[in-house]
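A.B. asks: Pasting a structure below so you can have a look.
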Amino acid sequence: MKKSIMLCAVFLLAATMVFAGGAQETEEKMTIRVAEQVPNLITPGVWDGQAFSLNGSIYDYLIEMDAHTGELVPSLATEWSSPEGKVWTIKLRKGVKFHDGSDFTSADVKYTLERTQDPDLGHLKAQDFENLDKIETPDDHTVVITLKEAAPTFNFIFTDYNMAILSSDYDYASKGESAPMGTGPFKLEKLVPKESALLVKNSEYWAEGLPKAEELRIYFVPDIDSSVSLLEAGQVDIVPQISPIIKKRLESMDGFKVVSPYQESRFIALADDREPFSDNRVRLAFKYTMDPEILAKACQGTLGETIFYNETPIVNALAQYKEIPFRGRDIDKAKELLAEAGYPDGLKVDFFYASDHPYGSDIAQTLKELSAPAGIELNLKGFPRDIYLSQHWMNGPALLTGWGVRVDPSMLLMLAYHSEGPWNESHIDNPRVDELIDKIRGEVDPEVRQTYYDELQQIFHEEGTVINLQVPYLVGVSDAVSDYRQPLTMLPQLEYTTIK
Amino acid sequence: MNTYLLQLKRSPRAIAGLTILLLWIIAALIGPSLLPYTYTGMDMNNQMVGPGEAGHLLGTDALGRDVFSRIIYGSRSILTIALLTSLLSSIAGIIIGFTAGYFGGIVDTIFLRIMDILMAIPPLVLAMVVLGILGNSTIVGLTIIVSITYTPATARVARGALLTCKSSEYVDAARIRGESHLYIMFVEILPNTIGPVIVEITARFAYSIMMIASLGFLGVGLQPPTPDWGMMVIENKSLIRAAPWTVLYPSLAIASLVIAISLFSDFVSKVMINED
Amino acid sequence: MDFLKRFAKRLGFTLLTILAMSILIFFLVEIMPGDVAQTVLGQSATEESVAALRDRMGLDDPLHQRYLRWAGGFIRGDLGESLYMRGVQINTIFWRKVGHSVVLAFTALLFYVPLSILFGVFAGVKEGKAPDAIISFIGLATMALPEFVSGIILITVFAVGLEILPIASIIPIGENLWQNLDILVLPALSITFVMFGYVSRMQRSSMVSVMKADYIRAAILKGMPRKYVIFRHALKNALLPTITIIGMNMGWLFGGLIVVETLFGFPGLGSLTMSAIKTRDIPLIEACVLFITFIFVFATFITDMLYAFLNPRIRYKRGDV
């Protein structure tokens, strides 16, 4: 009996060694493998629709962005113009087909745009397209959009990740999550929801020579560490949205590099509609406790090189940015201001953030440390991102939220800093700010617009409700990968990527 | 009491367990005031330095915080919650289990079935679902939920212990005397069942620590920057190659505490149950 | 005859437990705070779209109606539609993952049961001597490590250090589990550590008591070879409590699966549950938790029956359930 047990043990050990062989790749086609976070809903326009590698590959957009220059380039739209920003004429590309063989026509554009107003959907761009008066399709390849009010930079919205062009004949309501379909460089061959997606080259893609790779495999991995382990083990090639700590880890190893295709913002919002931050003195006091160098180090970066600090929602990479020097950390001044505002013994305030988002936890804890000496006690309340966004965001006295940059800053200002903006997380209600934003939106002359931007940023510095920490969006990539492109739209352009 | 102490002296494992446990308790009580660093202090010039460097006994983590200090501070929350949990679940379990066993009949049957049903969900799964949906935990929330998951098991043990005493003479004597039910349960029976009950409490203590650490690992532990040992492990898991001390020492802390309690609990079980 | 009666009674009670559990799970999950429709649509949703979704999902129906709808579907084998993947039936993803977890659990059982019995017997037979002390201590130490701790140690040693096993347990697209059996090893070992502790200790102590029994000592005194006595007589009786422990610990095994699968990224029921909880996908959470409970209750039931069958004292006696 004992002998047989011994034999079993030996057999087990032997079996283990055999199985340690590992899987073998015997394919010769160029396959790119990406490990992404597990998405919620993947249909564009619906919350959260952030399966970027997937959507950027199976869909096309009217206008895309050059990943290097940031300029708008034609995609499904070949030309667009508007004399005064009120009537937009868009010419569409000919000869484009959807993956199911149907032709791409102006009817599809009309369908995609009108879909934003569907009350059942809760489309994320619903507000932006409320300005739509009518859409006309004089022929199969022309769309004429008339807006209720002029918006000279309206075309920028077509680059947004929610505005993938959908087929008017396809039932996205029931198939959008299991068999989505578009005109993009890759076709979806197999989707295992929440697990993986297999995409193959769209051989009828309208762009000459693209996509370069033949196959795209996307794995949805819930744990970022597992994704990175897969990268290290050579089982995937690209891992987007890594944290700065993982960046350190990859940089210390051979065979990997970390690219930062663009910067993101982390907005620290101080709510203007409730205590304590409704008093600008308290807001200033908080700002006086900031130390950008330490914040940068907490994000594993260097201030001025990879991390930037400012107090306006406009990032320094944009032409509209105005440099306003940091006021400097001054704990005594902070205490003075607090006392003036009625908090001589300091104050306690809840601080909400998404605990599993890169930089979130690090920034929150650093803020707590930095503001403590002045008597400001931050009561950290971190939640998984889903719960944070659906229950606490827009609902707290102080918040930390990740924001993508909008190439046209007026879009972001409308969204979040206009008193009526749908995502006005800091509940700012400043008439002059509202006025300036409205003026910016309607102003055709860029120089006049800039004067408004300048004034706006000055106001933000003096009495604003936001601190903007610019952090790099990081992607871990194996050295075998070339030409990974991901513009500010957050949509990777995997059609250009090759792998050795 | 003296016999217990004598037996204690003869068991080196029990002594080892008890010593480690006491060391942690002392660390939790006075440790923080003796430490040069706070558990949130960020020494930005020394991020991720190894043990022994720059004055940090066990190194620092990615935010420059001293690992040793965080472990010592963390002992407070884990010991407090584990202690509260084991006490709470034991008290609740005793009350429920005694009531069921004492009154017997239909009360007993109902209680038994309810307890069986509650025990049908693995405790970690139950705690994870509740806390996961709520989003995170506070000390109070964690204590209550973990206690609830453990109460049924304790109730069963208490009930079993009561049943062995129910028909003894002193109980009959008390009944004849006309003492109230409560009196009989808690003045006559309880002291005689203290053995298994104490074993239960110590066992629960060990399980609570493991459960709390695991919940921290699954992301529903205490809020940062509270140095919850389980959360320290998961926060620093990415650093396992670059800075293994940030993961290793909190893991060892968890292990040492659970082993210590288990050793002691083993001893208590041997001594108090008096089984051969 | 008695055995059959016992069997029927226990089976009945088991089914009742599952029914009661389903009610409990349903209510627990449904009364949790947070508006489900709001969560699905996100913060920017309008009041109307939230109301429309609530209507479509039947969220405003009375609780018992919703329960019956859900339970009814379940019995028919329809696990419902996932909240987060409109149009995707839970069935399509669920069973594959359950299959994976079953294989993982089985592998863990394969590892730890023979090992713990072997070492438990050995320690029990050599009671008080060096091998006993060593094995007992190892058992205690491994028992004290939560699965994620032993998992991390295993990863560090085998995956990072020696690089002979994969760090993460992912199945490449287009392949299945059977082509990637190496991903099972480390997660199964993590579970094995904890289980080994429990079972070997139990086996040891039951072995010790059996060795002290009169009939065993009599057999040895009569001159029968020790090894013969151990394996032919003692072991059989010593195994009984061990079987109970293994069965009872199935519950813990399933709790451990959540931790282990999360740590290794293993595509099983545990990680599905975690991701369901993280995305607050209510129907999926309910399906996962109910299934885990179902397995646990059934494992207990089978263990009970196995024990009753094997233990002659119970088999032939009129006993209370």
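Values in this text are rule-based calculations from the coordinates and carry no lab data. Because the structure is predicted, anything quoted here is derived from the model rather than measured. We place every Cβ from the backbone using ideal geometry, glycine too, and count neighbours over all the protein chains shown.
A.B. asks: Amide H neighbours of A:E377 under 5 Å, counting only residues 5+ apart in sequence or on other chains, H built in-plane at 1.01 Å?
C.D. replies: A:L347, A:K348, A:V349
A.B. asks: Right, another one. Antiparallel DSSP bridges in the protein assembly as shown: what percent, to the nearest 5?
C.D. replies: Working: 58 of 78 bridges.
For the protein assembly as shown, the DSSP antiparallel bridge percentage is about 75.
A.B. asks: For region C:180-195, what does the Karplus curve 6.51 cos²θ - 1.76 cosθ + 1.60, with θ = phi - 60°, yield as ³J(HN,Hα) per residue in whole Hz, taken in order and with x for Gly and Pro?
C.D. replies: 9, 5, 5, 6, 7, 4, 5, x, 5, 5, 4, 5, 4, 3, 5, 5
A.B. asks: While we're on this one: Arrange A:E336, C:E286, A:E435, A:E311 by Cβ neighbour counts within 10 Å, fewest through most, would you? Write down the numbers at each step before the final one.
C.D. replies: Details: A:E336 16, C:E286 24, A:E435 12, A:E311 20.
Ascending number of Cβ neighbours within 10 Å: A:E435, A:E336, A:E311, C:E286.
A.B. asks: Can you give the relative contact order of region B:109-265 as a percent, counting alpha carbon pairs under 8 Å and 6+ residues apart?
C.D. replies: 23 percent
A.B. asks: For A:K333 and B:L87, what is the calculated FRET efficiency with R₀ set at 30 Å and r taken between the beta-carbons, to the nearest 0.05? Please report the intermediate quantities before stating the final value.
C.D. replies: Numbers: r = 48 Å, r/R0 = 1.61.
E(calc), rounded to 0.05, equals 0.05.
A.B. asks: Once fully extended, how much extra length lies between B:A16 and B:I144, figured as 0.36 nm per residue of separation less the alpha-carbon to alpha-carbon distance? Please report the intermediate quantities before stating the final value.
C.D. replies: Values: separation 128, 0.36 × 128 = 46.08 nm, distance 3.09 nm.
Length difference between fully extended and current span is 43.0 nm.
A.B. asks: If I model a spin label at B:I26 and A:F326 as a point 7 Å from the Cα along the Cα→Cβ vector, what separation in nanometres do I get?
C.D. replies: Label-label distance for B:I26 and A:F326, simple model: 4.5 nm.
A.B. asks: Return the single residue from B:Y170, B:Y37, B:Y73 with maximal mean-square fluctuation; model: Gaussian network over chain B, springs between Cα atoms under 10 Å.
C.D. replies: B:Y170
A.B. asks: Starting from the Cα of A:E340, step 7 Å toward the Cβ, then list every residue of region A:286-307 with an amide N under 16 Å from that point.
C.D. replies: Only A:286-289 pass the distance filter.
A.B. asks: Subtracting the Cα-Cα distance from 0.36 nm times the residue separation, let me have the gained length for A:D48 to A:N395 in nm, one decimal.
C.D. replies: Values: separation 347, 0.36 × 347 = 124.92 nm, distance 1.91 nm.
Result: 123.0 nm gained on full extension.
A.B. asks: Using a basic spin-label model with each label point 7 Å from the Cα along Cα→Cβ, how many nm lie between A:Q117 and A:K257?
C.D. replies: So the label points at A:Q117 and A:K257 sit 4.8 nm apart.
A.B. asks: Okay, moving on. Over all Cα pairs of region A:94-187, how is the pair count split among 10 Å bins, expressed in % and running from 0 up to the last occupied bin?
C.D. replies: Answer for region A:94-187: a P(r) of 15, 47, 32, 5 percent.
A.B. asks: Mean 1/r over all different Cα pairs, inverted: what Kirkwood radius does chain A give, in Å?
C.D. replies: Taking the inverse mean of 1/r over all distinct Cα pairs, chain A comes out at 24.6 Å.
A.B. asks: For A:T142 and A:A207, FRET efficiency with R0 = 22 Å and r from the beta-carbon atoms, rounded to 0.05? Spell out each step's value before the answer.
C.D. replies: Details: r = 21 Å, r/R0 = 0.96.
Using R0 = 22 Å, I get an efficiency of 0.55.
A.B. asks: With a 10 Å Cβ neighbour count serving as the proxy for reagent exposure, in which order, fewest first, do A:E28, A:E369 appear?
C.D. replies: Details: A:E28 7, A:E369 22.
Fewest-to-most ranking of A:E28, A:E369: A:E28, A:E369.
A.B. asks: Within 10 Å of each Cβ in peptide C:297-309, how many partner chain Cβ atoms are there on average? Round it to a whole number, please.
C.D. replies: Details: counts 5, 0, 0, 3, 0, 0, 0, 0, 0, 0, 0, 0, 0.
Per residue, the average neighbour count from other chains is 1.
A.B. asks: Put a dot 7 Å past each Cα toward the Cβ at C:N91 and A:D100; how far apart are the dots in nm?
C.D. replies: Those two pseudo-labels are separated by 2.3 nm.
A.B. asks: With a Förster radius of 56 Å, plug the Cβ-Cβ distance of A:A480 and C:I134 into 1/(1 + (r/R0)^6) and report the FRET value to the nearest 0.05. All intermediate terms of the calculation are to be shown ahead of the outcome.
C.D. replies: Numbers: r = 48 Å, r/R0 = 0.87.
Efficiency for this residue pair is about 0.70.
A.B. asks: Using amide H atoms built 1.01 Å from N in the peptide plane, name the residues 5+ places from A:V73, or on other chains, whose amide H lies under 5 Å from its own.
C.D. replies: A:E64, A:M65, A:D66
A.B. asks: Place a +1 charge on the Cβ of each Lys and Arg in region B:77-275 and a -1 charge on the Cβ of each Asp and Glu, then give the dipole magnitude about the Cα centre in debye, rounded to the nearest 20. List each step's numbers first, then the result.
C.D. replies: Numbers: 10 positive and 11 negative charges, 57 e Å.
It works out to roughly 280 debye.
A.B. asks: So what's the Cα pair-distance distribution over region A:153-265, bin width 10 Å, in %?
C.D. replies: Taking all Cα pairs of region A:153-265, the binned fractions are 11, 30, 36, 20, 2, 0 percent.
A.B. asks: Evaluate the protein assembly as shown: find the radius of gyration of its Cα atoms, find its Kirkwood radius, and give the ratio Rg to Rh. Display every interim value, and only then the final one.
C.D. replies: Details: Rg = 32.0 Å, Rh = 32.0 Å.
Using Cα coordinates only, the ratio equals 1.00.
A.B. asks: Once the Cα atoms of region B:77-275 are picked out, what are the Rg and Dmax in Å?
C.D. replies: Spelled out, the Cα radius of gyration and Dmax of region B:77-275 are 19.6, 72 Å.
A.B. asks: Which whole number gives the average count of other chain Cβ atoms within 10 Å of the Cβ atoms across peptide A:227-233? Provide the component values of the computation, followed by the final result.
C.D. replies: Details: counts 3, 3, 12, 6, 1, 5, 6.
Mean inter-chain Cβ contacts per residue within 10 Å come to 5.
A.B. asks: Could you rank the peptides C:59-66, A:374-381 by their average count of other C-beta atoms within 10 Å per residue, with the highest value first? Each step should come with its number before you reach the end.
C.D. replies: On the way: C:59-66: 12.1, A:374-381: 19.2.
For the peptides C:59-66, A:374-381, the packing ranking is A:374-381, C:59-66.
A.B. asks: For C:D2, put the label point 7 Å out on the Cα→Cβ axis and report which residues of region C:216-236 keep their amide N under 18 Å from it.
C.D. replies: none
A.B. asks: Net charge near B:S11: determine it from the other residues with C-beta under 12 Å of the C-beta of B:S11, scoring Lys and Arg +1 and Asp and Glu -1. Intermediate results must be reported in sequence, preceding the final value.
C.D. replies: Values: positive: B:K9, B:R10, B:R13, B:K270; negative: B:D266.
Value of the local net charge: +3.
A.B. asks: Just add up the charged neighbours of C:I18: K/R +1, D/E -1, any other residue whose Cβ is under 14 Å from the Cβ of C:I18.
C.D. replies: Values: positive: B:R113, C:R10; negative: B:D116, C:E286.
Summing Lys/Arg as +1 and Asp/Glu as -1 gives 0.
A.B. asks: Could you give the spread of the C-alpha atoms of region A:25-142 along their three principal axes, from largest to smallest, in whole angstroms?
C.D. replies: Largest first, region A:25-142 extends 55, 33, 33 Å along its Cα principal axes.
A.B. asks: Chain B: longest stretch without exposed GluC sites (Glu not before Pro) (DSSP loop, at most 16 other Cβ within 10 Å), sites themselves excluded? List each step's numbers first, then the result.
C.D. replies: On the way: sites that count: B:E179, B:E275.
The segment B:1-178 is the longest one with no such site.
A.B. asks: To the nearest whole number, what is the average tally of beta carbon atoms from other chains within 10 Å of the beta carbons of peptide A:115-127? Spell out each step's value before the answer.
C.D. replies: Numbers: counts 0, 0, 0, 2, 6, 8, 6, 13, 5, 5, 1, 4, 2.
For peptide A:115-127, the averaged partner shielding equals 4.
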